[in-house]
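What follows is one structure encoded as structure tokens, with my remarks underneath.
The values are calculated or read from the model by the stated rules, or taken from the named source; none is laboratory data. None of these values were measured; they are calculated from a predicted model. Neighbour counts run over all protein chains shown; Cβ positions are idealised from the backbone, glycine included. SASA here: full protein model, heavy atoms, side chains in, ligands and nucleic acids out. Shrake-Rupley method; radii C 1.70, N 1.55, O 1.52, S 1.80 Å.
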Amino acid sequence: MSDPTYYTRLTDIGSAALNNAITGGASIALTELALGDANGASYDPDGAETTLVNEQYRLAISSIAPDAQNPAWLIVEAIIPPDVGGWWIREAGIFDANGDMFAIAKYPETYKAVLSDGTASTLTIQIVLQVTNTDSIELVVNPLDGYATQGWVVSAYPWATEEEATNAQVENKLIDPKRLAYALSHLDLASGEDLLSLSQTLDQDLSAKADADHTHDDRYYTKSISDERFLEKGATAANATNATKLGGHLASFFAAAASLSNFYDKAASDGRYLGKSAKAADSDKLDGKHASELGSSAAILEDQKASGTDSQVGSKSWYTRHLNTEVSDPDGIVSLKSNQFTVSKNCFAIITIPGRDASYFRLWNVTNNRAATGVTYSYSTGGYTFSNTFFAPLLSGETYRVEQQDSLVLSNITASGRGTEVYTRVLIIA
């Protein structure tokens, strides 16, 4: 016997999956049928294929069921809609729920026409799949795919016998029109007189309920109670002759709409005013000033030296006092570099400098190259050390240094040796 021209075979992947299903107990769900034109030339599949040569269309399987005559055969069917086509069918592939090609078919060359070809119709594709154990294949299809083959309908809904047609326990069977009259004659139906009597009884019961004092357990207001309790939809405050309908107040208690423009609503008030316990986080509520501008800021600069280190040596020329440490500046109002400091806002300085015998002190504006204050003079005899303090206004963005000039004793000031030595100090207040 010669080999068949057209046939279906399991792919290598399908054979492995079927073997695993038989030995492991898991079932295989076949879900889709793919059709291709094989690029214009039929070929003999060998099972190694994982895809069709040239797939044209893929659709859900409409029916999968064992063959009535041969239990080892599975009949797989799918229906191509009339609006799909315009190509030849020479190959077909059956795919499982994992997307793997389970079987491949060499299909008789068939053209699927569409309306532009002059004719169009549905085309049922039937693939016969021979497996050793059909119990391993799930015989389930999606009932919402929209098409059913004639073979599936006949197998799913067989004709009912005469006895089955009158048996209320029998389901999913079709009744031949010739048996329908016989089936109806054997059903236990109510007579026309019984139905008329039932209708009259219902009418009497409903009429009796309608005539009764029916209140639905006080779930509803009657018309008279509603008129007394509520104002009409179009009523105004002037209609409130019964003050109980307005919370116990007469119409004169309520503001006219025109006068409401004199008041802020809650949103407007919240945007305009600070709350009783609020903080000045919103500068718009404080004349355009940020919260940091409303309280004072302070910074301290010092000339600090290690314990036991004497101060710098004096000079008869103006010289710059050392400033090397920014002790405190929580708001960042000053920066210190090379014995000079720059302020970020208009502020005030209190400057304290140690002197000896006759000394002169001043604050020099480095930015404008001029004295920022007048000269302060201190004098003592006998080589005594004294502390001199003076005050100066500072301008935002400008740089300053503290200067001194000595007339008599030019030696340095001796250290105390009792901890960090502090000689010059500048307190800045904004």
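Within segment 323-342, take every residue that is charged (D, E, K, R) and not in a strand (DSSP E or B) and give me the one that is farthest from V375 (Cα to Cα). Per the stated criteria, the residue is D331. One residue stands out in segment 18-41 among those that are surrounded by fewer than 19 Cβ atoms within 10 Å (Cβ to Cβ), in a loop (DSSP other than H, G, I, E, B) and at negative phi: the one that is modelled with the lowest pLDDT, namely A26.
Inspection of segment 343-360 identifies at least one residue that is at pLDDT 95 or above, under 54 Å from the mean Cα position of the chain (by Cα), part of a strand (DSSP E or B) and more than 19 Å from D310 (Cβ to Cβ). Filtering segment 361-378 to residues that are over 60 Å from the mean Cα position of the chain (by Cα) and over 15 Å from Q404 (Cα atoms) leaves only N369.
Taking segment 285-309 as the search range and keeping residues that are in contact with a helix residue (DSSP H, G or I) (Cβ under 9 Å, 6 or more places away or on another chain) and either among the aliphatic types (A, V, I, L, M) or farther than 30 Å from E326 by Cα (or both), which one is modelled with the lowest pLDDT? Reasoning before the result, please.
Within segment 285-309, the first condition is being in contact with a helix residue (DSSP H, G or I) (Cβ under 9 Å, 6 or more places away or on another chain), and the residues that meet it are 285-286, 289-291, 293-294.
From what is left, the residues that are either among the aliphatic types (A, V, I, L, M) or farther than 30 Å from E326 by Cα (or both) are 285-286, 291, 294.
On the way: K285: 55, L286: 56, A291: 51, L294: 55.
Step by step, filter segment 285-309, then rank; the result is A291.
Return the residue satisfying two criteria in turn: it lies in segment 75-89 and is in a strand (DSSP E or B) and in contact with a Ser or Thr (Cβ under 6 Å, 6 or more places away or on another chain), and of such residues it is nearest to L35 (Cα to Cα). Of everything passing the filter in segment 75-89, I89 is nearest to L35 (Cα to Cα).
Quick check on segment 52-62. Is at least one of its residues part of a strand (DSSP E or B), aromatic (F, W, Y), touching a residue at least 12 places away in the same chain (Cβ under 8 Å) and in contact with a helix residue (DSSP H, G or I) (Cβ under 9 Å, 6 or more places away or on another chain)? Step through it out loud before you land on a result.
Kept after step one, since they are part of a strand (DSSP E or B), are these residues of segment 52-62: 55-60.
Now restrict to residues that are aromatic (F, W, Y): 57.
Those still in the list that are touching a residue at least 12 places away in the same chain (Cβ under 8 Å) too: 57.
Within this subset, residues satisfying the condition of being in contact with a helix residue (DSSP H, G or I) (Cβ under 9 Å, 6 or more places away or on another chain) are none.
Checked against the condition, which is being part of a strand (DSSP E or B), aromatic (F, W, Y), touching a residue at least 12 places away in the same chain (Cβ under 8 Å) and in contact with a helix residue (DSSP H, G or I) (Cβ under 9 Å, 6 or more places away or on another chain), segment 52-62 yields no hits at all.
Considered as a group, the residues in segment 55-69 that are open to solvent by 50 Å² or more (accessible area, probe 1.4 Å) and not small (G, A, S) include one that is nearest to the chain's Cα centre (by Cα), and that residue is R58. Selection of segment 95-121 for residues being open to solvent by 30 Å² or more (accessible area, probe 1.4 Å) and among the small types (G, A, S) yields A97, G99, S116, G118, A120, S121. Scoring S42 on the criteria (1) closer than 15 Å to Y7 by Cα; (2) of a type in the set (S, T, N, Q); (3) under 42 Å from the mean Cα position of the chain (by Cα) leaves a single failure, condition (3). If the condition is being of a type in the set (A, V, I, L, M) and either more than 43 Å from the chain's Cα centre (by Cα) or surrounded by fewer than 16 Cβ atoms within 10 Å (Cβ to Cβ) (or both), then segment 80-94 contributes I89, A92. From the residues in segment 331-342 that are within 49 Å of the chain's Cα centre (by Cα) and of a type in the set (G, A, S), which one is least open to solvent (accessible area, probe 1.4 Å)? Checking each candidate, the answer is G332.
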